[in-house]
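Trainee: Before we start, here is the structure in question, set down as structure tokens.
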Amino acid sequence: NGIENVVSLTSDVHFTAHVNLSPDRAEGGFTDFKPLDEFVIGPIHAGSFGPNYMDTSFGAQYEYEMGPLSLGYERWANLAPEVNELQSFGHASVSETGELHVKLIGIDGSVMHEKILSPVVLNDSANEESTSSGCVVVVSCPLGLFSLFVMMMF
């Protein structure tokens, strides 16, 4: 349907990442979608493991990745909570101009990665007006128990 600016905020995966999915890199034969971003965090109180191998069917690519493998541990390492260099949390805010600002933050408060996503400007040629389309945010909770879809219009 041509939906742009889809963002997924995902938690409880035991590593931190920013993943960009793009039809330009898709290897699964399906390319009829707009690029989207997924921000992965937490949990802040548990051990760390992953990420596993990336499925590139939808052109997934890590823009940022922090997990046991990033610190030199074996891919399948499952680290205790005491290895707290990998604990993280996220912060997202929307500016008055409609920009979505996402930060992935370490347990010590340092910003590990941040990204600002701008709203898509739509031009109404009939009225010669520009409007901002905002973004669609998908928030996922542990084990996929539920998803909350929020349409933000600015």
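Trainee: Quick one: which of T97, T131 is more than 22 Å from E38 (Cα to Cα), modelled with pLDDT under 90 and out of contact with any helix residue (DSSP H, G or I) (no Cβ under 7 Å at 6 or more places or on another chain)? So that I can check it myself, show each step before the final result.
Mentor: On the way: T97 fails: more than 22 Å from E38 (Cα to Cα).
When all the criteria are applied, what remains is T131.
Trainee: Here's another thing I want to ask about it. Check whether at least one residue in the range 65-74 is surrounded by fewer than 17 Cβ atoms within 10 Å (Cβ to Cβ) and out of contact with any helix residue (DSSP H, G or I) (no Cβ under 9 Å at 6 or more places or on another chain), and report yes or no.
Mentor: Yes: one or more hits.
Trainee: Here's something else I'd like to know. Is it fair to say G98 is over 24 Å from N5 (Cβ atoms), over 15 Å from the mean Cα position of the chain (by Cα) and not acidic (D, E)? Show your work before the answer.
Mentor: On the way: over 24 Å from N5 (Cβ atoms): no; over 15 Å from the mean Cα position of the chain (by Cα): yes; not acidic (D, E): yes.
No: the conditions fail for G98.
Trainee: So, one more: Take residues that are charged (D, E, K, R), within 14 Å of L117 (Cβ to Cβ) and touching an Asp or Glu at 6+ places or on another chain (Cβ under 7 Å) and tell me which of the strands (runs of 3 or more DSSP E) falling wholly in the range 1-107 contain 1 or more. So that I can check it myself, show each step before the final result.
Mentor: On the way: elements: 6-11, 16-21, 36-41, 60-66, 88-94, 100-106.
By residue number, 100-106.
Trainee: So which residues in the range 8-52 are closer than 18 Å to I105 by Cα, of a type in the set (A, V, I, L, M, F, W, C) and over 9 Å from the mean Cα position of the chain (by Cα)?
Mentor: Within the range 8-52, V13, F15, I44, A46, F49 meet the criteria.
The values are calculated or read from the model by the stated rules, or taken from the named source; none is laboratory data. Please read all numbers here as calculations on a predicted model, not as lab measurements. Every residue, glycine as well, gets a Cβ built from its backbone with ideal geometry; the counts of neighbours run over all protein chains shown.
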